[in-house]
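What follows is a set of notes on a single structure, which appears directly below.
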């Protein structure tokens with residue numbers, strides 16, 4: 001997935017191209033989840049998993065582990081509610 005991202009993928013605010021890539025992925029329903037690089041970890045080394053609620057298998061998804069990352073507590077991040 002990272003090879004499909006624009007060079008400025010980790011900037012804030014996020015480039016419009018990211019929304020277009022995400023919308024295409026949701027509509028195609030090829031996968032129930034994708035792994036994407038984290039914009040808050042050095043060089044995008046961290047990973048985030050995005051779930052596709054439009055995928056037919058979405059109801060079968062189960063969260064088995066939650067990790068909280070607190071490596072940059074001073075960094076101001078937008079609320080998830082604004083995404």
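No lab work stands behind these numbers, since they all come straight from the coordinates. If you're wondering where the values come from, they're calculated on a predicted model, not measured in any experiment. Neighbour counts are summed over all protein chains in view; Cβ atoms, including those assigned to glycine, are modelled from backbone coordinates with ideal geometry.
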Exercise. Taking 0.36 nm per intervening residue step and subtracting the Cα-Cα distance, what contour gain separates residue 27 from residue 11 on full extension?
Worked result: 3.3 nm
Exercise. For the residue pair residue 60 and residue 48, what label-to-label distance in nm results when each label sits 7 Å from Cα along the Cα-to-beta-carbon direction?
Worked result: 2.6 nm
